Amino acid sequence: MPGLKLKKGDKVMVIAGKDRGKSGKILRSFPRENRVLVEGVNIVKRHTRPTQRNPQGGIVERESPIHISNVMLVCPRCNQPTRVGRKITSEGKLRVCKKCGEEIE
């Protein structure tokens, strides 16, 4: 199974689904499920029972993972959603923006 082209901390934009057009930072990735957790996107409501941490309980809103096919990396240089390419150099594999050709860290 090939690795994900998106990493924790990357800025992405949602291109499909109910949150289309929203952007945020990747908080966590789940490579086996091909999903990522994006901040402020795909908000769901969870009913929680009272615990020592949260004595009140109630309804909590939090992010839910979204499939990687529904998000696109935002290039830090050209600031547009773009596909990610790979360039092999002496240092190893590098991620490259398909629109401007700039290296992505």
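Values computed for the structure shown
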item	result
Cα shape, the chain, gyration tensor, a/c 1.5 rule	prolate
Paramagnetic label zone (point 7 Å from Cα along Cα-to-C-beta, residue 44; backbone N under 19 Å) in the range 58-75	58-71
FRET efficiency, residue 89 to residue 30 (Cβ-Cβ, R0 35 Å, nearest 0.05)	0.75
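Since every read-out is calculated from the coordinates, none of them should be taken as a lab result. Everything numeric in this text was worked out from a predicted model, so none of it was measured. As a convention, Cβ positions derive from the backbone with ideal geometry for all residues, glycine included, and neighbour counts pool all protein chains shown.
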